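Structure first, commentary second.
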Amino acid sequence: MGTSQKLDALTGLRFFAGSAIVIHHLRSFGLPNYVLDGWLLNNGVGFFFVLSGFILTYVYPTLDTAHAARRFWVARFARIWPAHMAALVLCYVLLDGDPASEGTGVDSLALGLANIALLQAWIPVGESFFSYNSVSWSISTEAFFYLAFPFLVANLGRTWWVKLGLVALVSLALVVASQVESLPLYTSMGQGITLTGVVYINPLARLFEFMMGMCAAHAWRSLHTKVQLPLLTGTILEGAAVLLVLGSAGPVMHLGAWVNAHFGFAGAQWLGQGGGMSLSFAAFILVMAFQKGLLSRALGSRALVFLGEISFMVYLIHYVLLRAYVLHAAWFSTWSDQARLAFFVFVLFGLSTLMWKFIEKPARRLIFTRFDQGGETLIGKLSPALSR
């Protein structure tokens, strides 16, 4: 793999992307709707997809043998599955043994097995992709990316533009098919195949974002030894990258509205849910990966790196906690909105830290030790870079 530099700034960024998703969901659970109104906070998932493509290509620039591919798949399984299963168990514990309560599908053996196998997002109906711990659909989508990664990274330097073009065409084909078939937007369970399931949840539709991250990592490898950036220049570039991301949101929304008016909602949803922001996300991550400015230094601080490390667990359990709150809202009926929000944040980060320390990390080490020779050494070297 040959990568020694730690990309702590990118680990710190995970905290902010995860927080955007939490705030996006909090809007329905007591946080005033005007907080960050107009911001595409749901694009935090798209940011994670781009970041994942970047990090994996950074850590694994080549997977030339079957053994290397096997080690990669073991690493990714160890990274996501224990945390996913811990959150799934938490559904049963906090939702009084009814993980399908609060409008998240049905509790069935088939769907339970699909969730355990991380296949739920591959089935474009709401009863599947939003079942149990509904936010885990994105982890299911990521699992597809991991299976495809050894093939996508092969000869990436020569084939990146072909692969990027092909996955873009796949996304376009899904958008067109959804529009031609007049698939309905997902609004509730029992709708069958929906536009949301095909162009928003479907791994094939989101593969473009992951591939954008891979291409950004390839660009970083080509540039990082050639470009020497002093602190001031690096800081200016990082500030410009932030402005690029913030400034992209408005044009993406306007483009989505235009596409909706002229071609239908399928294309607008694909653009608005991540596809439209993926280029600016890739450019932003590329600049931050150089770690040459004051902003990346701040993001690489011990506090933000720690928050970035636990952000995966924060993401996985936050919606379970919100559903549990709704189920037991009477307990908090005399609390002020501010008190309820403060309590939620305290429980979310406290429980996430405990689950990260005592479940996610030990399980990851155990899987490496069990299935990969030298697992302890490997996880010690790669744990910062293996962050999503």
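The values are calculated or read from the model by the stated rules, or taken from the named source; none is laboratory data. Values in this document were obtained by computation on a predicted structure and should not be read as measured data. Quick reminder, even Gly has a Cβ in these numbers, built from the backbone with ideal geometry, and neighbours come from all protein chains shown. All accessible areas refer to the heavy atoms of the entire protein, side chains included, with ligands and DNA or RNA removed. Shrake-Rupley method; radii C 1.70, N 1.55, O 1.52, S 1.80 Å.
Residues in segment 259-281 that are open to solvent by 40 Å² or more (accessible area, probe 1.4 Å) and closer than 21 Å to Phe208 by Cα: 5 in all. Which members of segment 93-112 meet the condition of being open to solvent by 50 Å² or more (accessible area, probe 1.4 Å), within 18 Å of Trp137 (Cβ to Cβ) and either aromatic (Phe, Trp, Tyr) or modelled with pLDDT of 90 or more (or both)? Hit for segment 93-112 is Ala110, nothing else.
When the criteria are applied in full, Leu316 meets the requirement of being of a type in the set (A, V, I, L, M), in a helix (DSSP H, G or I) and crowded, with 20+ Cβ neighbours inside 10 Å.
Touching a residue at least 60 places away in the same chain (Cβ under 8 Å), over 24 Å from Thr353 (Cβ atoms), hydroxyl-bearing (Ser, Thr, Tyr) and assigned to a helix (DSSP H, G or I), is that true of Ser296?
Yes.
If I filter segment 7-16 for residues that are open to solvent by less than 50 Å² (accessible area, probe 1.4 Å), over 26 Å from Asn202 (Cβ atoms), at pLDDT below 95 and among the aromatic types (Phe, Trp, Tyr), do I get at least one hit? Within segment 7-16 (the criterion being open to solvent by less than 50 Å² (accessible area, probe 1.4 Å), over 26 Å from Asn202 (Cβ atoms), at pLDDT below 95 and among the aromatic types (Phe, Trp, Tyr)), the answer is no, since none of the residues qualifies.
Residue by residue, here is whether (1) under 28 Å from Lys361 (Cα atoms); (2) modelled with pLDDT under 95 holds:
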site: Leu246; (1), (2): no, yes
site: Gly267; (1), (2): no, no
site: Gly300; (1), (2): yes, no
site: Met313; (1), (2): yes, no
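Given (1) surrounded by 16 or more Cβ atoms within 10 Å (Cβ to Cβ); (2) under 22 Å from Gly126 (Cβ atoms), where does Pro184 come up short, assuming only one miss? Pro184 satisfies all of (1) surrounded by 16 or more Cβ atoms within 10 Å (Cβ to Cβ); (2) under 22 Å from Gly126 (Cβ atoms) except (1).
Any residue at all in segment 110-117 that's touching a residue at least 24 places away in the same chain (Cβ under 8 Å), more than 18 Å from Asn42 (Cα to Cα), part of a loop (DSSP other than H, G, I, E, B) and within 22 Å of the chain's Cα centre (by Cα)? Step through it out loud before you land on a result.
Our first condition is that a residue be touching a residue at least 24 places away in the same chain (Cβ under 8 Å); within segment 110-117, this holds for 115-116.
When the remaining residues are screened for being more than 18 Å from Asn42 (Cα to Cα), the result is 115-116.
Filter once more, so that each one left must be part of a loop (DSSP other than H, G, I, E, B): none.
No, the conditions are met nowhere in segment 110-117.
Residues in segment 118-146 that are part of a loop (DSSP other than H, G, I, E, B), among the aliphatic types (A, V, I, L, M) and open to solvent by less than 60 Å² (accessible area, probe 1.4 Å): Leu118 only.
Residue count for segment 29-62 satisfying the condition of being of a type in the set (A, V, I, L, M, F, W, C), modelled with pLDDT of 95 or more and in a loop (DSSP other than H, G, I, E, B): 0.
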